[in-house]
């Protein structure tokens, strides 16, 4: 099988060494395809050149190709079986026009809870859309979504054997949508230190919760990538996952990233059918399902109970399950298969 993995204009490199969800998913798909025995072409100028031997890079984007051009003919004659692409592109006319000339399958993962597709973007067979959670599948029911847990990998983030860990960790972009202040308060309730890892996207949000963010039990680590990011996850006793009441998580990378290092998760959810419910089980974490009508303090207390439950889990078993559930080869094979 010949697979093309398409980049897109982004402020992050392909693959990124840190934050960058869709970019990390595309790299995981490329890694999984190669490990499964497929021939892989990295399409687009965003892929970094120094990825080691055996990678074929083609700095071309389908939406930029002129109809009838030599580039179009060469791309068609290459004979791709499958293109793996960000969720927006099967709804973009310029991209679709070139893809129609290629005639291959397309797989995309829905990484946004609000993007509106064209009616003809996905047929569930040749063009396939994958969704992480029942919540997301319901939102995109008109596009024949296929349930699948996304796998995300960064550069040089291979996981060593698990360890029990010490303090708690929260990782992600620091803003109101991700609501890390709830994780910080829950850590305070259980009497644990918590390390906050990630870039600040919303300084005003941090200022609104300054008392919590500046508390003695909080360590700020900033944005980490590569081995440092993996270590921050692996060395934690548990990962605390939060998000805001009105935010819909499309396909959080952190579930696979945490479980693959062996770190169990304590997750806050504001309803059922969420990514947390799809990704976790009683052997890998605990989910506090809280009514959106509850105040922050009540939600933090319920999350604290989930933290205490997650701290009893076996890290070696968590890693074994995580590396099976979030295996890049298994994920690619799911993306490549028609129903």
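The values are calculated or read from the model by the stated rules, or taken from the named source; none is laboratory data. These numbers come from a predicted model, not from an experiment. Methodologically, a virtual Cβ is constructed for each residue, glycine included, from the backbone with ideal geometry; neighbour enumeration extends over all protein chains shown.
Within the stretch 163-173, the set of residues being assigned to a loop (DSSP other than H, G, I, E, B) and under 21 Å from the mean Cα position of the chain (by Cα) comprises 172, 173.
Looking at this structure, is residue 152 within 28 Å of residue 223 (Cα to Cα), in contact (Cβ under 8 Å) with a residue 12 or more places away in the chain and in a loop (DSSP other than H, G, I, E, B)? Yes: the conditions hold for residue 152. Which one of the conditions (1) surrounded by 22 or more Cβ atoms within 10 Å (Cβ to Cβ); (2) over 22 Å from the mean Cα position of the chain (by Cα) does residue 151 fail to meet, given that it meets all the rest? (2) is the only condition that residue 151 fails. Checking each residue in the stretch 206-243 for being part of a loop (DSSP other than H, G, I, E, B) and either in contact with a helix residue (DSSP H, G or I) (Cβ under 8 Å, 6 or more places away or on another chain) or buried (at least 16 other Cβ atoms within 10 Å of the Cβ) (or both) picks out 209, 215, 217, 223, 224, 225, 235, 236, 237, 242, 243.
Scanning the stretch 298-339 for residues that are part of a loop (DSSP other than H, G, I, E, B) and under 18 Å from the mean Cα position of the chain (by Cα) turns up 326, 327.
Only one of 261, 230, 163, 242 is outside the structural domain of residue 318 (by TED's automatic domain parsing) and touching a residue at least 40 places away in the same chain (Cβ under 8 Å); which? It is 163.
Which ones in the stretch 190-199 are at pLDDT below 95 and surrounded by fewer than 19 Cβ atoms within 10 Å (Cβ to Cβ)? If the condition is that a residue be at pLDDT below 95 and surrounded by fewer than 19 Cβ atoms within 10 Å (Cβ to Cβ), then 199 is the only one that fits. Note on the stretch 30-54: among residues that are over 21 Å from residue 76 (Cα atoms) and in contact with a helix residue (DSSP H, G or I) (Cβ under 6 Å, 6 or more places away or on another chain), the one that is surrounded by the fewest Cβ atoms within 10 Å (Cβ to Cβ) is 35.
Taking residues in the stretch 51-75 that are on the phi > 0 side of the Ramachandran plot, and partners anywhere that are surrounded by 17 or more Cβ atoms within 10 Å (Cβ to Cβ) and assigned to a helix (DSSP H, G or I), the pairs with Cβ atoms closer than 8 Å and at least 6 places apart or on different chains are 54/34.
Taking first residues from the stretch 82-99 that are assigned by TED's automatic domain parsing to the domain that holds residue 129 and partners that are surrounded by fewer than 18 Cβ atoms within 10 Å (Cβ to Cβ) and part of a strand (DSSP E or B), the Cβ contacts under 9 Å between residues at least 6 apart in sequence or on separate chains come to 82/2.
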